[in-house]
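Got a structure here, written out as structure tokens. Questions coming.
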2 protein chains.
Amino acid sequence: MLLPESIQSLITALERLPGIGPKSASRLAFYLLRASEDISQDLSTALANLKVNTAFCQECFNITKAGRERCEICESPKREDSIVCVVEEALDVVALERTAGFHGKYHVLQGVLSPIEGIGPDDLKIKQLVERVARGGIQEVILATNPSMEGDATAIYLSQQLEPMGVKVTRLARGLPVGGDLEYADQNTLLRALSGRQAMN
Amino acid sequence: MLLPESIQSLITALERLPGIGPKSASRLAFYLLRASEDISQDLSTALANLKVNTAFCQECFNITKAGRERCEICESPKREDSIVCVVEEALDVVALERTAGFHGKYHVLQGVLSPIEGIGPDDLKIKQLVERVARGGIQEVILATNPSMEGDATAIYLSQQLEPMGVKVTRLARGLPVGGDLEYADQNTLLRALSGRQAMN
């Protein structure tokens, strides 16, 4: 039996999402068919509006409402201008904001250097970061790219660009995650935790 | 930081889907934001059309194109009228059709008896099945509900309704799954495989 086209095209569209295979896609499609109309309608509307209503901040390249030139954080008078935290993705800004421990501004690279995937410095918002620092007023740049091979390479590249400009460049600390278990920590993490050990107050 | 409303409403809509938590929802939303426009547009259109273009067959309650009274299988002259396979969901029809081993017709109950969830016989298409059998022409009813507690209870209930009507009532065989491993089979499956053992030809 062929499925009706309305279902089949939904399954095909869902399968294109990352982490959703053919089985999950058909399970989701049949769930939506049985569920109340507004679940699929809300999702449909949200998807249709996604790109129309979203823009990138022209200062930090974080996502923001369409029609705004600068995002809420860049426009906030409460945030320090002198410290900029560089992250890979807008999701990282959300994670850092959740800590409520950072009161500076951000710069979203929109990716990470990856020779394997053919992503070089020009594909990221690196030039814009250098220009931002060159304009002055920034004293510290925190490199908060992921603690991965690509994230580290990007951080090294950025520090080479920024340090000659006389700005302080720092990197997020490495070590044991809070609530983690020393026994299960991998070798590299443990090594970093050792070499980065701090004095007890 | 608050996410722009366009993203937040997409995350909220995605979170309502089964098996998608807050983390996967935001990962999917940001993926869609970065991905090409047509991925989100296709999904949006498919969702909007889902309920509009889908109907239930008035004979077997399988899903079919809107505007059709009976589904392809019920209308096909190649399928035997005398044998009806009773399943829980439309997805089960897809699974059985994939085997290419059944040439009769179907009856989709659209659920399963479940006292815990408050689903009784009147919430399923049981009355319609009894009426279909009463109309005559059906010689065998295969009960293909899931081999679960609820599926078994539903099968027992159905056989009590149908057997007095003089129709042959059968149930799908239980036993070891093909390609499975005896060592890893659970107790009940092994017990069923033993008691249902068949003569070697």
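Do we find that residue A:181 is more than 18 Å from the chain's Cα centre (by Cα) and over 19 Å from residue A:84 (Cα atoms) in this structure?
Against the criterion (more than 18 Å from the chain's Cα centre (by Cα) and over 19 Å from residue A:84 (Cα atoms)), residue A:181 qualifies.
Here's a follow-up. Among A:97, A:140, which is touching a Gly at 6+ places or on another chain (Cβ under 9 Å) and surrounded by fewer than 17 Cβ atoms within 10 Å (Cβ to Cβ)?
Residue meeting the stated conditions: A:140.
Ok, one more. Quick one: which of B:155, B:173 is within 24 Å of residue B:96 (Cα to Cα), assigned to a helix (DSSP H, G or I) and either in the same structural domain as residue B:88 (by TED's automatic domain parsing) or not polar (S, T, N, Q) (or both)?
B:155
Consider residue B:19 carefully, then state whether it is surrounded by fewer than 17 Cβ atoms within 10 Å (Cβ to Cβ), at the interface with chain A (Cβ under 8 Å from one of its Cβ atoms) and in a loop (DSSP other than H, G, I, E, B).
Taking the combined requirement at face value, the residue satisfies it.
Being assigned by TED's automatic domain parsing to the domain that holds residue B:161, among the aliphatic types (A, V, I, L, M), modelled with pLDDT under 90 and more than 22 Å from residue B:162 (Cα to Cα), is that true of even one residue in the stretch B:112-129?
Taking every residue of the stretch B:112-129 in turn, none turns out to be assigned by TED's automatic domain parsing to the domain that holds residue B:161, among the aliphatic types (A, V, I, L, M), modelled with pLDDT under 90 and more than 22 Å from residue B:162 (Cα to Cα).
The rows are residues; the columns are (1) in contact with an Asp or Glu (Cβ under 9 Å, 6 or more places away or on another chain); (2) assigned by TED's automatic domain parsing to the domain that holds residue A:152.
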| residue | (1), (2) |
| --- | --- |
| A:13 | yes, no |
| A:17 | no, no |
| A:28 | no, no |
| A:31 | no, no |
| A:97 | no, yes |
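Okay, residues lined up against (1) of a type in the set (Ser, Thr, Tyr); (2) more than 8 Å from chain B (Cβ to nearest Cβ); (3) touching a helix residue (DSSP H, G or I) at 6+ places or on another chain (Cβ under 9 Å):
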| site | (1), (2), (3) |
| --- | --- |
| A:3 | no, no, yes |
| A:15 | no, yes, yes |
| A:26 | yes, no, yes |
| A:33 | no, no, yes |
| A:86 | no, yes, yes |
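Just checking, which of A:132, A:79 is within 12 Å of another protein chain (Cβ to nearest Cβ), surrounded by 13 or more Cβ atoms within 10 Å (Cβ to Cβ) and among the charged types (D, E, K, R)?
A:79 is the lone residue from the list that is within 12 Å of another protein chain (Cβ to nearest Cβ), surrounded by 13 or more Cβ atoms within 10 Å (Cβ to Cβ) and among the charged types (D, E, K, R).
How about the stretch A:7-45: which of its residues are without any contact (Cβ under 8 Å) to a residue 12 or more places away in the chain, under 14 Å from residue B:94 (Cβ atoms) and not basic (Lys, Arg)?
Of everything in the stretch A:7-45, those that are without any contact (Cβ under 8 Å) to a residue 12 or more places away in the chain, under 14 Å from residue B:94 (Cβ atoms) and not basic (Lys, Arg) turn out to be A:8, A:22.
What are the pairs with Cβ atoms under 6 angstrom where one residue, in the stretch B:46-75, is without any contact (Cβ under 8 Å) to a residue 12 or more places away in the chain and the other, located anywhere, is surrounded by 15 or more Cβ atoms within 10 Å (Cβ to Cβ) and in a loop (DSSP other than H, G, I, E, B)? Sequence gap at least six, or different chains.
Short answer, once both residue conditions are applied: B:64/A:4; B:64/B:57; B:64/B:71.
Might you check whether a residue that is basic (Lys, Arg), more than 8 Å from every other protein chain (Cβ to nearest Cβ), closer than 25 Å to residue B:3 by Cα and open to solvent by 30 Å² or more (accessible area, probe 1.4 Å) occurs anywhere in the stretch A:54-69?
yes
Pairs needed: first member in the stretch B:176-201, assigned by TED's automatic domain parsing to the domain that holds residue B:152; second member anywhere, of a type in the set (Ser, Thr, Tyr); C-beta distance under 7 Å; at least 6 residues apart or different chains.
From residues that are assigned by TED's automatic domain parsing to the domain that holds residue B:152, the pairs are B:176/B:189.
The values are calculated or read from the model by the stated rules, or taken from the named source; none is laboratory data. Note that the coordinates shown come from a computational prediction; the quantities given were computed from them, not determined experimentally. Heads up, the Cβs are rebuilt from the backbone with ideal geometry, glycines too, and the neighbour counts pull from every protein chain shown. SASA here: full protein model, heavy atoms, side chains in, ligands and nucleic acids out. Shrake-Rupley method; radii C 1.70, N 1.55, O 1.52, S 1.80 Å.
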